[in-house]
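Step one of this worksheet: look at the structure below.
The values are calculated or read from the model by the stated rules, or taken from the named source; none is laboratory data. A quick note: this is a predicted structure, and the numbers were derived from the prediction, not measured. Ideal geometry is used to build each Cβ from the backbone, glycine not excepted, and the neighbour counts take in all protein chains shown.
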Amino acid sequence: MASPTTVFVNKDQYLIREGEESNEVYIVEEGSLGVFKVKNSQEVKIGTIFEGELVGEMSFFDNSPRCATIKALTDSRLLVIPSSKFEMYVNKQPKWFRTLLETLIDRIRKASNRVKPEV
């Protein structure tokens, strides 16, 4: 199996843009990232992602467009997990495992869509 890929994102650089297609998820190894939604043509910060946390997991799991924009708050290093590797892992699990993931992501996405950023 190939070695994991690492990506570096400089402060204020975008990693993910809302609406993009998804084919990878990231684990923050170093640094922090901001989660942004657009409201009234402005980016509004709705959250922060810290070291050890996942980035881009919802779209990665359900193959929907990215639901938020992610931008580096500090210089950051991330581990890249491509969808092909994840699919290989999930396909080795019992069927209920995929059902569990799909149900959780669906519920989180619906809850996320109900949250509106404040300006």
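Results for (1) surrounded by fewer than 12 Cβ atoms within 10 Å (Cβ to Cβ); (2) of a type in the set (S, T, N, Q); (3) within 16 Å of Ile16 (Cβ to Cβ), shown as yes or no for each residue.
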site	(1), (2), (3)
Arg66	no, no, yes
Leu73	no, no, yes
Leu79	no, no, yes
Ser84	yes, yes, no
Tyr89	yes, no, no
Pro94	yes, no, no
Thr99	yes, yes, no
Thr103	yes, yes, no
Asp106	no, no, no
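Selection over segment 13-27 of residues that are surrounded by fewer than 19 Cβ atoms within 10 Å (Cβ to Cβ) and in contact with a helix residue (DSSP H, G or I) (Cβ under 7 Å, 6 or more places away or on another chain) gives a count of 1. Looking at the structure I just gave you, is Leu54 closer than 19 Å to Arg77 by Cα, out of contact with any Leu (no Cβ under 9 Å at 6 or more places or on another chain) and in contact (Cβ under 8 Å) with a residue 24 or more places away in the chain? Spelling it out, Leu54 is indeed closer than 19 Å to Arg77 by Cα, out of contact with any Leu (no Cβ under 9 Å at 6 or more places or on another chain) and in contact (Cβ under 8 Å) with a residue 24 or more places away in the chain. Name the single residue that is nearest to Ser83 (Cα to Cα) among those in segment 31-46 being touching a residue at least 12 places away in the same chain (Cβ under 8 Å) and surrounded by fewer than 13 Cβ atoms within 10 Å (Cβ to Cβ). Once the filter is applied, the top-ranked residue is Gln42.
So which of Met1, Met58 ends up being at pLDDT below 85 and either surrounded by 15 or more Cβ atoms within 10 Å (Cβ to Cβ) or in a strand (DSSP E or B) (or both)? Being at pLDDT below 85 and either surrounded by 15 or more Cβ atoms within 10 Å (Cβ to Cβ) or in a strand (DSSP E or B) (or both) holds for just one of Met1, Met58, which is Met58.
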